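Here's the structure we're looking at; comments come further down.
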């Protein structure tokens, strides 16, 4: 009798009917309905892959399965990808509202980052808040320098310049968001690229080839941002 009752509950469940109907996704009220609706779209309706799995999920080759981000693959649904793109298009005016969602820890997307000889390959799962930070607030500029460690002509080692450090010296995320909210996306992120170029020149380079390679990457990214193709 207990088994029959359980089966009846499953059949009546709105998630189970036709295998399609889902419970609505709610998010915190940021004061902008447009932003909040797009943030709701960042909550994946598909389960996350196992973090230790080295296999590609079977849906990877299907629509919305894989989008390339920087140098690694992103596993995300078409809805998540569309929400990221639309949030980027809203520009810095949406940034103050997005701050309200940075602590949303629900699953959004996965990727497979660089793997060293120490760490085994596998999926890294990311939250809604991480998607907002990585692809909207900081425009996926974490790897813009193209190096992990470099030396100048005197042999002094330097780590890559990070947008997080750039934001920190401008008073932190909230202060920076307040300062840029009325500007265009292109002007905000090309300003970061210009800062990087100036800082790299202060550091100096190992040789002319090193200088051309590093500055060339920054200039290429700058043009992509100006042309509107540097969002992802």
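The values are calculated or read from the model by the stated rules, or taken from the named source; none is laboratory data. Quick caveat: nothing in here was measured; it's all calculated off a predicted structure. With ideal geometry, Cβ positions are generated from the backbone for all residues, glycine too; neighbour counts draw on all protein chains shown.
Which of the residues belonging to segment 171-199 are in a loop (DSSP other than H, G, I, E, B) and surrounded by 13 or more Cβ atoms within 10 Å (Cβ to Cβ)?
Those that are in a loop (DSSP other than H, G, I, E, B) and surrounded by 13 or more Cβ atoms within 10 Å (Cβ to Cβ): 181, 183.
Quickly run through segment 61-81 and pick out the residues that are modelled with pLDDT of 90 or more and farther than 12 Å from residue 131 by Cα.
Answer for segment 61-81, where residues must be modelled with pLDDT of 90 or more and farther than 12 Å from residue 131 by Cα: just 79.
Would you confirm whether or not segment 150-166 contains a residue that is in contact with a helix residue (DSSP H, G or I) (Cβ under 9 Å, 6 or more places away or on another chain), modelled with pLDDT of 95 or more, crowded, with 16+ Cβ neighbours inside 10 Å and in a helix (DSSP H, G or I)?
Yes, because at least one residue in segment 150-166 is in contact with a helix residue (DSSP H, G or I) (Cβ under 9 Å, 6 or more places away or on another chain), modelled with pLDDT of 95 or more, crowded, with 16+ Cβ neighbours inside 10 Å and in a helix (DSSP H, G or I).
Looking at segment 107-122, can you tell me whether even one residue there is at pLDDT 95 or above and either within 16 Å of the chain's Cα centre (by Cα) or at negative phi (or both)?
Within segment 107-122, one or more residues are at pLDDT 95 or above and either within 16 Å of the chain's Cα centre (by Cα) or at negative phi (or both).
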